[in-house]
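Worksheet for the structure shown next.
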Amino acid sequence: MAIFTRANLPVAGVVAFYMFSALLMIFVNKAVLTSSPQLPLAFLLIQLLIAVILLHISALFSSKIEIPNLNIQSAKSLFPVVFINIVGLVFNTLCLRGVEASFFQIARGMVLPLTILISAIHTRILPNPRNKILLSATIVTSGFLLGVTPSSALPLSATPSMLSLFYGFLSSLAIAIHAVLIKSSLPFCNNSTIQLAYWTNLGSAAMIAPFVILHGEHTLLLELIMDGGSVQSKTFLWGSIVTGVFGFLLCIAGLLSIKITSPITHMFSSAARSVLQTLLGVWLFKDVLTVNRAASIAVIVLGTVYYTWIKSQTGAPPKAPTSSVSPPSSKEVDLEAGNGETEKLRDDDQLEKEGRA
């Protein structure tokens, strides 16, 4: 029996591209932030502007890409989701800058528990202590605590600072709040996720631009551009282009992954991505992988897989009408991602889409 048939080739292709794009975003982001740690906000601003430009270009070739009419009333209504988006992206980027690539998923390991908590507060329906979803959140939280526990086996150079861990927690919290706000924001965009993506990227760019200037990053960026022949300059410029383009494509891949694959397939692809991210971090960046960290990643993945399995058994909630792709994150753009995951339904993308429990 053939492993790949005409029926499952699209599924395999989408999953493979989704995993490739997500991993590429994480490691190119990390390479740029390592090379130019003084330009985190400028780097994020360029990614957001590239997303806006690509949306305009896509609109020229497809009627499904709807560029919204900009007006003050819509801007006021969408301010909360745009604001929490850029907050999440900034903390996501700062977290990735300060921790190892393989540790990044641990630093942002509280996305699922916080999403469940924020959703419960928003709906005013608290999970039953015996609820399986609450159990999955407890497993993930245990994995996070295991990973951030100080270890004597960890060299001082590989020990993440408390500030970086705090950035990771704030990024996870922002992702959780953003997941709840998206649903209530869609009516202001004619229930079009493309229009919401445009508003989010353009609004986030407008909000962060003044801070790029106040932080003096515009001057540093100009100096870097003028020194176009250096390795640092080439890494930053090419890294910005690659992450900007693939961050946009990751949104499409994420939507296709949800649409044409089952939750179980998406679950295992996310788990496989976590393992690959760890191995590649050790190989490419010489990250230190201790027993604690390996166990932490395994427990977080186990809790996430268990959560996704529960959701697949109980049935997914009804989806709001969409016109095209989901808003790009941050990522992971998870931000997974995603950007940093910017993400923009930032990294972890699955947790944000399925975490509206």
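Read-outs: derived from the displayed coordinates by stated rules, not from any lab. Because the structure is a prediction, the values reported are computed rather than measured. As a convention, Cβ positions derive from the backbone with ideal geometry for all residues, glycine included, and neighbour counts pool all protein chains shown.
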- Rounded to one decimal in nm, the spacing of the 7 Å Cα→Cβ label points at His218 and Val282 is 4.6 nm
- Cα-based convex hull volume of the range 1-157 per residue, rounded to whole Å³: 240 Å³
- Between Ile53 and Ala272, the two model label points (7 Å from Cα along the beta-carbon direction) sit apart by a distance in nm of 3.4 nm
- Of the trypsin sites (Lys or Arg not before Pro) in the range 71-133, which ones lie in a loop per DSSP and count no more than 12 other C-beta atoms within 10 Å? Arg124, Arg130
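So for Leu250, Leu163, fewest C-beta neighbours within 10 Å to most, what's the order? Provide the component values of the computation, followed by the final result.
Working: Leu250 40, Leu163 11.
Taking fewest neighbouring Cβ atoms as first place, the list is Leu163, Leu250.
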- Message: Please list 3J(HN,Hα) in residue order for the range 151-164, calculated via the Karplus relation 6.51 cos²θ - 1.76 cosθ + 1.60 where θ = phi - 60°; whole Hz, with x for glycine and proline.
- Response: 10, 5, 7, 9, x, 4, 5, 9, 7, x, 6, 4, 5, 5
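Could you give the length gained on full extension between Lys76 and Gln232, defined as 0.36 nm per residue of separation minus the Cα-Cα distance, in nm? All intermediate terms of the calculation are to be shown ahead of the outcome.
Numbers: separation 156, 0.36 × 156 = 56.16 nm, distance 3.93 nm.
Computed gain between Lys76 and Gln232 is 52.2 nm.
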- Item | Label-point separation in nm, Ile67 to Ala206, each point 7 Å along Cα→Cβ | 1.5 nm
